[in-house]
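Below is one structure, written out as structure tokens, with a few remarks after it.
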Amino acid sequence: MADKRILVVEDSPTMRQLIAFTLRRLPNIALVEATDGVDALRKLGGDSFDLIFTDINMPIMDGLKLVSLVRSDPALRHIPIVIITTEGAAEDRQRGLALGANDYLIKPIQASRILAAARELLNIA
Amino acid sequence: MSMDDKGDEKGMHVRADEFLQLFKKGAEFTQDLLKENERLRYRIFQLEEQQRKGGGPASFVEENRLLAARIEELEREKDEILGRIRQIEAENNDFATRYVEIEEENNNLANLYIASYQLHSILDFDDVLKVITEIIINLIGAEEFAVMLIDEKTGLLGAVAAEGISLDDVPKVRPGEGTIGAIAATGESHFVEDPAGYVRDLSNPMVCIPLKIKDQVIGVIVIYKLLIQKKAFVPVDYELFTLLAGHAATAIFSSRLYSDSERKRSTMQGFINLLTK
């Protein structure tokens, strides 16, 4: 039975599948996928989550807006957020972390870093 | 009795006391000597008895020899154990290194599997181009690139998808001409030796990968710029390039065939509808 729920927010099906494929290697994990920020907020409102992985560049609502909205919502602000993005400049990273993201991973995607971030934020050994 | 007589008597008493004291000390010293003599005799008896029973200095030497041999044996065993521990530590390090390598390979295989799966899970031409673009951005880490295909009518290579640059900026090339044309003609991949030192030249890309179905080149992928955080190519990038060379070409070809057949089917259905009405 899954005891940790992760929301993966990514507009690219290929990347969503890759992140989900990577996270499924963790024990007792349930994954929910969202295609943009609005879809993510809808799913966050309907269920409880222990961790969010989000891209930045997405249609309708980008990842930074999603981070700021989650952090301003008393019911959601406790959920750790990891940004996964192609935006690798130092100022982009600072902006993401300043908005309240717990970690900032840059693409190309490295499975080991995704797993390490998830383990740390979910307290999985 | 005169005063002198009294003095002589007192001096005699003093000397007598001194003599008695001396005599007592002599007697005590003699007693001590007798006791020491007795103790030494007893010790001699003990040693003689020990020697008679086989103990004594000779047995001490033998015992020492045995103990030295035992110590030597234990030292040897200790060295062997230490050597074994060092060997196990080295093996442990090897296993740890190997584990990391396998984990890395596993991750790379996952990337390749998903890239391949996505390429072959769709039949729409534009969607195939979108997946190729996603793979190049997210898995390889390119910022400016284009997918070029050979136009069957003109025989020229032209861009059908681009990221970071305009489609119109990508030159049309005849196979065999220039760097891009040479790749299309030979089917061999091209990489600059130093991606960090590369200066963008649309006719001479940083990377040029042929899209091949068996030996037939149907197009190329050209990369002009990597993401800011991507400084150089890693081994999995070359695996992805190889995968793209084959699987992307097949996916593009299949989606084109599917589009053509759908168009023909639609046309024929139109004719049939006209004839049957």
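Sum up the charges of everything whose Cβ sits under 9 Å from the Cβ of A:G37, counting Lys and Arg as +1 and Asp and Glu as -1, but leave A:G37 out.
-2
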Heavy-atom accessible surface of the range A:4-122: percent carbon and sulfur, 1.4 Å: 49 percent
DSSP-defined beta bridges in the protein assembly as shown - what % are antiparallel, rounded to 5: 60 percent
Accessible-area value, B:Y258, 1.4 Å probe, nucleic acids and ligands omitted, Å²: 100 Å²
Cα gyration tensor category, rounded, prolate or oblate, for the range B:55-128 with a/c compared to 1.5: prolate
GNM top mover of B:R174, B:R265, B:R41 - chain B, alpha-carbon springs below 10 Å: B:R41
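I'd like the FRET efficiency for A:R77 and B:A69, computed as 1/(1 + (r/R0)^6) with the beta carbon distance as r and R0 of 51 Å, rounded to 0.05.
Here the calculated transfer efficiency is 0.10.
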Occluded residues from the range B:225-247, i.e. those whose accessible area drops by 10 Å² or more once the chain is not alone (1.4 Å probe): B:L227, B:I228, B:Q229, B:K230
Accessible-area composition of the range B:136-208, carbon plus sulfur, in percent [1.4 Å probe]: 45 percent
Charged-residue dipole, Cβ positions (Lys, Arg, Asp, Glu), the protein assembly as shown about Cα centre, Debye nearest 20: 1120 debye
Taking chain A and dividing mean pair separation by its residue count, relative contact order in percent (alpha carbons under 8 Å, at least six apart): 23 percent
Estimated vicinal HN-Hα couplings, Hz - the range A:72-80 in sequence order (Karplus 6.51, -1.76, 1.60; Gly, Pro = x): 8, 9, x, 7, 10, 4, 6, 6, x
Coordinate range along principal axes, alpha carbons of chain B, Å, largest first: 183, 56, 42
Average accessible area per residue (Å²) across the range A:4-122 - probe 1.4 Å, nucleic acids and ligands excluded: 41 Å²
Residue among B:M206, B:M12, B:M148 with the largest mean-square fluctuation in a Gaussian network model of chain B, springs linking Cα atoms under 10 Å: B:M12
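Can you put A:D62, B:D126 in order of accessible area, largest first, using a 1.4 Å probe? Walk me through the numbers on the way to the answer.
Values: A:D62 60, B:D126 105 Å².
Solvent-accessible surface, decreasing: B:D126, A:D62.
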Kirkwood estimate for the range B:122-265, i.e. one over the average of 1/r between Cα atoms, Å: 15.2 Å
Neighbourhood charge, 15 Å Cβ-Cβ cut-off, centred on B:E49 and excluding it, Lys, Arg +1 and Asp, Glu -1: +3
Distance between the range B:162-206 and the range B:84-148 - C-alpha centres, whole angstrom: 24 Å
Where the range B:122-265 is the region considered: accessible area per residue in Å², 1.4 Å probe: 48 Å²
Local electrostatic count, B:K35, Cβ distance below 12 Å [Lys/Arg +1, Asp/Glu -1]: -2
Cα-centre dipole for the range A:19-125 with unit charges at Cβ (Lys and Arg positive, Asp and Glu negative), debye to 20: 220 debye
Entries in A:K43/B:K225; B:K130/B:K214; A:K107/B:K214 that, when Cα-Cα distance is taken, lie over 27 Å: A:K43/B:K225; A:K107/B:K214
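If one takes the accessible area of chain A alone plus chain B alone and subtracts that of the pair, with a 1.4 Å probe, what total in Å², rounded to the nearest 100, results?
Result for this pair: about 1700 Å² buried.
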Debye, to nearest 20: dipole size of the range B:101-239, +1 on Lys, Arg Cβ, -1 on Asp, Glu Cβ: 400 debye
Range of Cα positions in the range A:4-122 per principal axis (Å), largest first: 32, 31, 26
Cα-Cα P(r), the protein assembly as shown, percent of pairs per 10 Å interval: 4, 15, 18, 15, 10, 6, 4, 3, 4, 4, 4, 4, 3, 2, 1, 1, 0, 0, 0
Options A:G88, A:A116, A:G100, ranked by Cα towards positive dipole end of the range A:75-120, top entry (Cβ charges): A:A116
Most mobile listed residue (B:S121, B:S266, B:S189) in chain B, GNM with C-alpha springs under 10 Å: B:S266
Heavy-atom accessible area, 1.4 Å probe, ligands and nucleic acids excluded: residues of the range A:1-47 down by at least 10 Å² from chain alone: A:S12, A:P13, A:T14, A:M15, A:Q17, A:L18, A:F21, A:R25
Peptide ranges A:45-54, B:226-235 listed from the most packed, as the mean C-beta count within 10 angstrom indicates: A:45-54, B:226-235
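The values are calculated or read from the model by the stated rules, or taken from the named source; none is laboratory data. Remember, it's a predicted structure, so these values are computed and weren't measured experimentally. Glycine also receives a Cβ, built like all others from the backbone with ideal geometry; neighbour counts cover every protein chain displayed. Calculation scope for accessible area: heavy atoms of the full protein, side chains included, ligands and nucleic acids excluded. Shrake-Rupley method; radii C 1.70, N 1.55, O 1.52, S 1.80 Å.
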